[in-house]
Amino acid sequence: MPGVTLPPFPDNVPTHPLLVIDYELIKKNDTEEISRLWKAATQLGFWYLKNHGADEEVNGMFDMGAETMALPLSEKMKFEQGDDGRSFGYKAAGANATDETGRPDTVEFINVSKDDILSFPTVTHRTYPSTVVDRMESTIKPFATKSLEVTNTMLGVFERQLGLPEGALAERHNLLEKSGSETRCIKNPPKQRPSDGDASNKSTVEEEEKAALGAHTDFGSISFLHNRLGGLQVLPPGYDSWHYIRPLPGHAVCNIGDALTLFSGGILRSNLHRVVLPPGEQAYFERWSLVFFLRPGADILLRPLTEESSIIAEAVNNVSEDERKRFYPGCTAIEWFTRRIKMQRMKNRMGPESWQASRGMEHNPKAY
Ligand SMILES: O=C(O)CCC(=O)C(=O)O
Ligand SMILES: [Fe+2]
């Protein structure tokens, strides 16, 4: 946050390196950069993006987030998302489970729908707190516009690399169609410093490892994420332990979501990730993050685009029968999305089966 000097990310924690992709080169269709982006999107499903040109808009969004979270809880709760699986609006800390046992999350966030941003002042889905309305034109729309440009450019790269006809992915992300695309600003409270001599205040290892936001794969197509402090972790393929992603100044973190995994028959990878307290001294600071989620049109059927690409058809042919079944959930983007959100709400929790019912394309559904 402005005016706060943050401690550096420590050197003694396990981190996972990500490829750094230069957005300027991607825009220029640089062959080498495109093959690096392809490698990142298919192997880990996460990469850093530099030269994305959204820094100013990102800073404005963090200010909007701070203004919103500073509102009284009673005011924020007027705009809560509810328990029906809708994502737009405010989510209070503790409203979602982070694991099978129903441990509550600690993050609060404000989500603003792409459709409400583009139709403003006309309401498409819902209304928002005054702090959102006041910055809709000046801050939120410019951020969403920039994010749509960046994510759709990368979507175009994936469309070509997958051997799909021109527009096959683009038309499934038509700007004018209603979708789950949204901006999200997240706040996680800092760890409390133990007061001297107060043994009860000493945090346990268990507490340290508690997820602020539970292990998940993203629901949509491409996520464009900005954070300042550590805390984001990935479970890389072939590992059974979590690795931090080190925040790099000026670099966004991008990742693939379930919808692209489904459209591509598993070629594009939506990888498990979660958020925990930032490591070391950073834990004592509020953690803020910001995401733009590009998601398919609400009514788009989620399934591999085998008729449109021999590359995808071959990928689907090469997996086991059981694995293939996972690629045909038989639902639309909005149904996928609604189920996942609804089943992680604490209010809808019946038992461990609710957590299982909230899962998507997680490669290790047992990982917390
Ligand atoms: O806060 C972060 O760094 C990641 C947030 C995230 O994974 C999400 O909101 O889906
Ligand atoms: Fe995520």
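The values are calculated or read from the model by the stated rules, or taken from the named source; none is laboratory data. These numbers come from a predicted model, not from an experiment. Cβ placement follows ideal geometry from the backbone for every residue including glycine, while neighbour counts extend to all protein chains displayed. Heavy atoms of the whole protein, side chains included, go into the accessibility calculation; ligands, DNA and RNA do not. Shrake-Rupley method; radii C 1.70, N 1.55, O 1.52, S 1.80 Å.
Residue 105 contributes about 10 Å² of solvent-accessible surface, heavy atoms of the protein only, 1.4 Å probe. Solvent-accessible surface of protein heavy atoms, probed at 1.4 angstrom with all chains present, puts 71, 262 in the order 71, 262, largest first. Taking all protein chains as they are arranged and a probe of 1.4 Å, the heavy atoms of residue 366 leave approximately 140 Å² accessible to solvent.
Whenever you get a sec, compute what percent of the accessible area on the chain sits on carbon and sulfur atoms (1.4 Å probe).
On the chain, the fraction of accessible area on carbon and sulfur atoms equals 51 percent.
Simple rule: put +1 on each Lys or Arg Cβ and -1 on each Asp or Glu Cβ in the chain, find the dipole, and look at 211, 284, 66; the Cα lying farthest toward the positive end is 211.
If 84, 99, 30 are ordered by their accessible area, calculated over protein heavy atoms with a 1.4 Å probe, which sequence runs from highest to lowest?
Ranking 84, 99, 30 by accessible area, largest first, yields 84, 30, 99.
Each part reduced to its alpha carbon centroid, segment 71-94 and segment 214-283 end up 24 Å apart.
When segment 89-204 is described by a simple charge dipole with +1 on each Lys and Arg Cβ and -1 on each Asp and Glu Cβ, the residue from 89, 153, 168 located farthest towards its positive end is 89.
Do the sum for the chain: with -39,500 (n - 2.57) for every DSSP H run of n ≥ 4, divided by all residues, what is the mean residue ellipticity at 222 nm, to the nearest 500 deg cm²/dmol?
Values: 13 runs with 113 residues, N = 368.
Calculated mean residue ellipticity at 222 nm is -8500 deg cm²/dmol.
Just need the relative contact order of segment 1-92 here, percent rounded to a whole number, with Cα pairs under 8 Å and 6+ apart.
So the answer I get is 22 percent.
Assuming charge only on the beta carbon of Lys and Arg (+1) and of Asp and Glu (-1), the dipole of segment 226-335 about its Cα centre is about 380 debye to the nearest 20.
Send over a whole-number figure in Å² for the accessible area per residue of the chain, probe 1.4 Å.
43
Relative contact order, whole percent, for the chain stands at 24, derived from Cα pairs under 8 Å and 6 or more residues apart.
For segment 219-368, the relative contact order works out to 25 percent when only alpha carbon pairs closer than 8 Å and six or more residues apart are counted.
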